[in-house]
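Below is a structure I'd like to ask you about.
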Amino acid sequence: MHAELDVTGLIVSNCPYLTYDFLSAPKGCLNDGFLDIIFGAASMTRWQMIQMFLQSETGGYVNFPSIHYFKAKEVMITGIPKAGCHSYLGYAAKQGLFDLDGEPFSADLPLHLCIHSERLRVCC
């Protein structure tokens, strides 16, 4: 599947919880071989964003019409630079600013993410 989207926020995960109280990907599973991709439409209002955060503990926000959720083996994230637009760290428009496990991370775009099945065995 190929889609060009304008999004407010994007989460790519392979587990259900982003933090102990943020159920970001309710259908997420470490060993299903898929990435869970959740994003908000660019048309989301501030009120919808507040409602989303209020339901983040239960994962109920994924049922909002402005939230899209699907699974994929890989995802390519690209950006379209806007005139005069730079991230707050001053990176060039071809770079993106991401958050990896709570830490700021810059990367040249496009960013290609994929799942490697059974590369690491997790025993609980």
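Need the failing condition index for D108 against (1) of a type in the set (D, E); (2) exposed (fewer than 11 other Cβ atoms within 10 Å of the Cβ); (3) at pLDDT 85 or above, just the number.
(3)
Take region 6-57 and flag every residue that is on the phi < 0 side of the Ramachandran plot and touching a residue at least 60 places away in the same chain (Cβ under 8 Å). Quick ask: steps written out before the conclusion?
Step one: list which residues in region 6-57 are on the phi < 0 side of the Ramachandran plot, which gives 6-32, 34-57.
Matches in region 6-57: L10, V12, N14, L30, N31, F34, L35.
Which of the residues spanning region 17-41 are in contact with a Pro (Cβ under 8 Å, 6 or more places away or on another chain) and more than 15 Å from N63 (Cβ to Cβ)?
If the condition is that a residue be in contact with a Pro (Cβ under 8 Å, 6 or more places away or on another chain) and more than 15 Å from N63 (Cβ to Cβ), then G28, C29 are the ones that fit.
A follow-up question, please. So if I check each of T58, T45, which one is touching a Leu at 6+ places or on another chain (Cβ under 7 Å) and not aliphatic (A, V, I, L, M)?
Details: T45 fails: touching a Leu at 6+ places or on another chain (Cβ under 7 Å).
The conditions single out T58.
Where in region 8-85 are there strands (runs of 3 or more DSSP E), lying wholly inside it, with at least 2 residues that are at pLDDT 90 or above, under 19 Å from L113 (Cα atoms) and more than 12 Å from the chain's Cα centre (by Cα)?
Details: elements: 17-19, 35-41, 67-72, 74-77.
Per the criteria, no element qualifies.
Out of Y61, Y69, I need the residue that is closer than 30 Å to C123 by Cα and touching a residue at least 40 places away in the same chain (Cβ under 8 Å). Which one?
Exactly one of Y61, Y69 is closer than 30 Å to C123 by Cα and touching a residue at least 40 places away in the same chain (Cβ under 8 Å), namely Y69.
The values are calculated or read from the model by the stated rules, or taken from the named source; none is laboratory data. What you see is a predicted model, and the numbers here were worked out from it, not measured in a lab. With ideal geometry, Cβ positions are generated from the backbone for all residues, glycine too; neighbour counts draw on all protein chains shown.
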